[in-house]
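Please read through the structure below; I'll follow up with questions.
Every number in this text was worked out from the coordinates using simple rules, so none of it is lab data. Owing to the predicted nature of the structure, the values given are computational and were not obtained by experimental measurement. Cβ placement follows ideal geometry from the backbone for every residue including glycine, while neighbour counts extend to all protein chains displayed.
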Amino acid sequence: MADTASIEDLTTWRARLLARLLSVVFFAGWLVGVPSVVLAFREQLWPLALADIVALIWVSLLYRSREKNRVRVSVQLLALMYLLGIVLLGTVGYVAQIYLMALPVLAVLLLSMRAAVVGLVLNGVTLLAAGYFLQIDAGTLLFSDQPMLRWTAITFNFLMIDTALTAACAFLLKGMEGALNEQRTNAEKLAHFAMHDALTGLANRRLLHDRIGQALAKAEREASQVGLLMLDLDHFKNVNDSHGHDLGDELIVAVGERLQHAVRAGDTVARLGGDEFVVLLPKVGQDIEILAMVERILQAVDGLYPLAHHALYVSASIGVALYPRDGKDAASLLKNADTAMYRAKESGRNRFQFFQSAMNERLVARMELESELRGALERNELLLYFQPRVDGQGTGCHSAEALIRWQHPRWGLVSPVRFIPVAEETDLIVSIGAWVMRSASEQLAHWQQQYPQLRLSVNLSAREFRDHGLLDKVQAAVARVRPGSLEIEVTESLVMHNLETAQRLLGSMRAMGVGIALDDFGTGFSSLAYLKAFPLDILKIDQSFVRGLENDPQDKAIVKTIVDLAGNLRLGTVAEGVETEAQAQVLRQFGVDELQGYLFAKPMPAQEFEDWLQAHYTPVG
């Protein structure tokens, strides 16, 4: 296979020609020039001797700089030949025309056709002017009594020959340039074929090993991780057996395209053969980042592929190995990723598996959590707990907050701290949030038969905020309950990161009769000016401020400021995390509307909350 780096283009060829030409001129010049100088001195031909000496020095300087700027050195060489031609025309005679004749020929070889044309014009003017004004012996009796006519004829003939030689060189050079370009193009194609899979155009095993080597070397210098994913299509053999290899090849190409769209710009997707792919992730960060990238790749492959006359559903199994934890060279990383991939297939396919280590154990637990969470809705394992909000100036209750819990058959009651982040990362939060909205409104509608003024708040996540069907879900929930009894809680960060969307969605919800509460107020970075811009009803004071009310004057000042601000804006206030009577007393003194915390009641299942409500429900007014 030809190495593209060793194939010349025209510029490289010219540089090499110049270097060799200067070598010949240098050694030949000294070989001939020294005797010429000696002879010129002996014959007292001082101009000729001086010209030879200057030429030798000039050639020596050019020879020393032959590897530098090609154009500059070429111009200087041509200038030397031109000046020598003029000097020798005046000292030696018309035989010196050979120097001038070489000027455009070398110009087209070393520089360009434009430079050669300039050389031809310069030659014509110089030869005509020098011959006529210096009265050089032309070596012919033609037009002996008319020197201008004689030198015009000589110049015309000279230019005819010089132009023919220059044109011939230009023609040959053009052909050579075409051959060089074709050779380079063919070499590049061969190099591409040698490094890429013929079917998909993806990197092949050879290029993959090269990229892995580069990635590992860089990771060693930067003390970073490299990820290697081995991916194999599930049940691909059935596709070939049932639909033929042509359709199988079409599917392989489609999978390769999806993989390329799923990875980052600096990642490498390779096909090792059959239905086996490798994805190289040169620089990956923390465990959660790696997990997110692997999930994205798995989801990109998983799905329906509309092929010629068929639509095939395809999934894949992925094994993951990480440098330096799982191997420090390409062979060990590929081997361990392959092992992990087969473990993924054994676990049920359409999933991924990390190779061993403590990280693997954490990720396996996380994967199991996600897998179990996906089926939790179908298995009716999710349930709502309710935490009451008591009246700030009494002990009665007419509102509560709905909080999700997960009752797992083996793990027991799973804290939302564990599963909500996973739900948000995998978009399961959208379906879970829809279930919460529906279940909470249905439960509220049931309780309102006995407690008509009961209000219920539901939390909204950032991912749900981007759900195009959110308003429809809220509208359906509102339709189940009494007007004005449903409340949505949003956080400061959610609102501040989606200003325009927040204004639009919250405004629409408010128009439906939904109350809007700003949760965890004071912990974010919102501008107070935005409180006026958003359709808010309640500010919820974060428990981090409530916790220090007894001993921290700053927390007292902050809470007092929030309460006063809410009063001026005609907003209600709810204090979260109230755990002691002293905290409650301070909050009552400040005029907080509602209190929420373990001092009054922990979150409770529906039946337990209903029992509690019978003793504490107080209608508004």
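I want the antiparallel fraction of DSSP beta bridges within segment 377-616, as a percent rounded to 5.
DSSP beta bridges in segment 377-616 are roughly 40 percent antiparallel.
Label Ala217 and Tyr342 with points 7 Å out from Cα along Cα→Cβ: what is the distance between them in nm?
3.2 nm
Add +1 for every Lys or Arg and -1 for every Asp or Glu among the other residues with Cβ under 12 Å from the Cβ of Glu550, and state the total.
That sum, taken over residues with Cβ under 12 Å, equals -2.
I would also like to ask the following. Name the longest site-free stretch of the chain, where the excluded sites are chymotrypsin sites (Phe, Trp or Tyr not before Pro) in a DSSP loop with no more than 16 other beta-carbon atoms within 10 Å.
The segment 144-410 is the longest one with no such site.
Which entries of Lys189/Lys345; Lys532/Lys556; Lys473/Lys602 have Cα-Cα distances beyond 31 Å here?
Too far apart for the 31 Å limit: Lys189/Lys345.
Just want the answer: with Cβ charges of +1 for Lys and Arg and -1 for Asp and Glu, which residue in Met341, Gly244, Ile288 is farthest toward the dipole's positive end in segment 205-355?
Positive-end residue among those listed: Ile288.
How large, in Å, is segment 377-616 by the Kirkwood hydrodynamic radius built from its alpha-carbon pairs?
18.4 Å
Return the equivalent ellipsoid semi-axes of segment 205-355 as a descending list in whole Å, where each equals the square root of 5 times an eigenvalue of the C-alpha gyration tensor.
So the equivalent ellipsoid measures 27, 15, 14 Å along its semi-axes.
Determine the calculated [θ] at 222 nm for the chain from helices alone, applying -39500 (n - 2.57) to every DSSP H run no shorter than 4 residues and normalising by the residue count; nearest 500 deg cm²/dmol.
After summing the helix terms and dividing by residue count, I get -19500 deg cm²/dmol.
Using only C-alpha atoms and all pairs of different ones, pull out the Kirkwood radius for the chain in Å with one decimal.
The Cα-based Kirkwood calculation yields 33.1 Å.
Find which of Tyr617, Leu208, Gly256 sits farthest along the positive direction of the dipole of the chain, computed with +1 on the beta-carbon of Lys and Arg, -1 on that of Asp and Glu, about the Cα centre.
Positive-end residue among those listed: Leu208.
Extension gain Ala265-His192, at 0.36 nm per residue separation less the Cα-Cα distance, in nm?
Gain on extension, Ala265 to His192, equals 24.4 nm.
Might you report the magnitude of the Cβ-based charge dipole of the chain about its Cα centre, with Lys and Arg at +1 and Asp and Glu at -1, to the nearest 20 debye?
Taking the Cα centre of the chain as origin, the dipole is about 2060 debye.
Which three extents, in whole angstrom, do the alpha-carbon atoms of segment 246-317 cover along their principal axes, largest first?
43, 21, 20
Same structure, new question: Can you figure out the FRET efficiency of Thr580 with Lys335, using R₀ = 41 Å and their beta-carbon distance, to the nearest 0.05?
Efficiency at R0 = 41 Å is approximately 0.10.
List the lysines whose Cα lies under 25 Å from the Cα of Lys218, skipping any in the same chain that are fewer than 8 positions away.
Lys283, Lys328, Lys335
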